[in-house]
Amino acid sequence: MTLLARVYLTGALACLLAVGARAAEPITLGLVDEMTGPQAEAGVLVLHGARLAVEEVNAAGGILGRPVELKVEDNGSTNPGTVLAYSKLVGQSVVAVIGPLRSTQVQAASPTIAKARVPAFIGGSDPSLTRVNNPWIFRIRPNDFYSSKVMAEYAVKVLKASKIAIVHSTDTFGAGGKNALVDALKNLGVEPVLIQGYTNNSQDFTAIVLAIKKSGADLLASYMTNSPDVGIFAKQLRQLGVNVPWIGSASLATDTAIKLAGESLWGTYTVADFVIDANEESRAFAKKFRAKHGFDPDLYSAFPYAAVYLIKHAIETAKSTDPEAMRKALLGTRGLKDVEGTHNFESNGDSVHGYNVVRNEKGKISFIQRIDFPPP
């Protein structure tokens, strides 16, 4: 072999090795999670959902032939912790960040998300989060313009309520949901007989329960952020003799709330983005989740599971992990079905436009119907 041939051969081998090395480099995803603090139990479920999806993707060959790696940062269940966790992740060459889940945490992190210019797949459902001119926020759960419409129509037209009391967290999620619900009820000609806010992680809801009782309400509607709050409130509500029908946001159907409240939540209705029997995709996810963990998933696990697969879809559609290419691929997504519903992305980053109505049947969540709306 001539010297020139050996040079060419050596160069070709070096190129092949370099290509192989690049192909083997993992695609790194970030997860902002509540690993400590008052919402740590939810954080465990979020991590279960994200890890299950990553394991499935890697078992099927990864993304573009590359394995997926998940880096997790704890936000301590706080807003400042969320900003710090997000900053740490974007400094570690992640191609996308999943989370945070809470609307108030997303609001706090939004400037950091905009500055990082990396797609963020949020779980917060407050409508305002995607209306702050931040092109890097993608919501993969439906927002509360839709939950409020479903809640109002089901309360008035199906449950035949006319005197509705609203209880809500005073955080971003609860306040936004309350405002949307008041507007939705007004469109149906109903004025709430009571609107009462509370601070997250409260231990005593006695004053609120007595106000509901005094109001003469024939139905309770709620936007409660934290599952432990639901458990405490539900028990105090029933202990003080308030037994009117209750329809609330997704926290009523979480595993944590159901376990904490027990019989106090029996018969309640929930407007939920994820429910096992909503579609074929959610049933398949639940089967795999149950086989791995021994219990059913709820919204906390479904949201990050869906996020991993949407990131996979964006990268494979764009044939690139370039953030701008991924962003354009997501905005062009139409008719993509998964555990959260059917994704049709709007220009502001919203993607799902419907909710499920479910009922707590002696501790088991029973699917009633799915209600979808056309994108605005």
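Laboratory data are not the source of any read-out in this text; all were calculated from the coordinates shown. Just so we're clear, the structure is a prediction, and the values are computed from it rather than from any experiment. Don't worry about glycine lacking a Cβ; one is built from the backbone with ideal geometry, like all the others, and counts go over all protein chains shown.
Table for the structure above
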{"quantity": "Spin-label pair Glu191/His293, simplified geometry with 7 Å Cα→Cβ offset, distance in nm", "calculated": "4.5"}
{"quantity": "Phi-based couplings in Hz for the range 330-346 (Karplus 6.51, -1.76, 1.60; Gly and Pro marked x)", "calculated": "5, 5, x, 6, 9, x, 8, 9, 7, 5, 8, x, 10, 8, 10, 6, 8"}
{"quantity": "Vicinal HN-Hα couplings computed from phi for the range 60-68 (Karplus, 6.51 cos²θ - 1.76 cosθ + 1.60; Hz; Gly/Pro x)", "calculated": "8, x, x, 10, 6, x, 10, x, 9"}
{"quantity": "Cα gyration tensor of the range 277-376 - equivalent ellipsoid semi-axes, whole Å, descending", "calculated": "28, 18, 9"}
{"quantity": "Relative contact order %, the chain, counting alpha carbon pairs below 8 Å whose residues are six or more apart", "calculated": "16"}
{"quantity": "Under 5 Å, built H, 5+ apart or other chain: amide partners of Gly354", "calculated": "Phe373"}
{"quantity": "Mean separation of Cα contacts under 8 Å, 6 or more apart, over the residue count of the range 307-376: relative contact order %", "calculated": "17"}
{"quantity": "Relative contact order for the range 99-218, counting Cα pairs under 8 Å that sit 6 or more residues apart, in percent", "calculated": "23"}
{"quantity": "Total formal charge among the other residues, if their Cβ is under 11 angstrom from that of Trp136, Lys/Arg +1 and Asp/Glu -1", "calculated": "+2"}
{"quantity": "The chain, dipole about Cα centre (Lys/Arg Cβ +1, Asp/Glu Cβ -1), debye to the nearest 20", "calculated": "280"}
{"quantity": "Of every Cα-Cα pair in the range 67-145, the percent that sits beyond 20 Å", "calculated": "23"}
{"quantity": "Assigned charges on the beta-carbon of Lys, Arg, Asp, Glu; the range 216-279 dipole about Cα centre (debye)", "calculated": "200"}
{"quantity": "Counting DSSP beta bridges with both ends in the chain, the antiparallel % (nearest 5)", "calculated": "35"}
{"quantity": "Cα Rg over Rh - the chain, Kirkwood", "calculated": "1.05"}
{"quantity": "Furthest towards positive pole of dipole, Ser103, Val118, Asn79, structure part the range 57-128, Cβ charges", "calculated": "Val118"}
{"quantity": "0 to 90° range, to nearest 10: angle between helix 172-187 axis and the chain longest Cα axis", "calculated": "60"}
{"quantity": "3J(HN,Hα) from dihedral phi, the range 50-59, Karplus parametrisation 6.51/-1.76/1.60, rounded to Hz, x for glycine, proline", "calculated": "5, 5, 4, 5, 4, 4, 5, 4, 5, 5"}
{"quantity": "5 angstrom amide H check on Leu101, placed H, neighbours 5+ away", "calculated": "Gly123"}
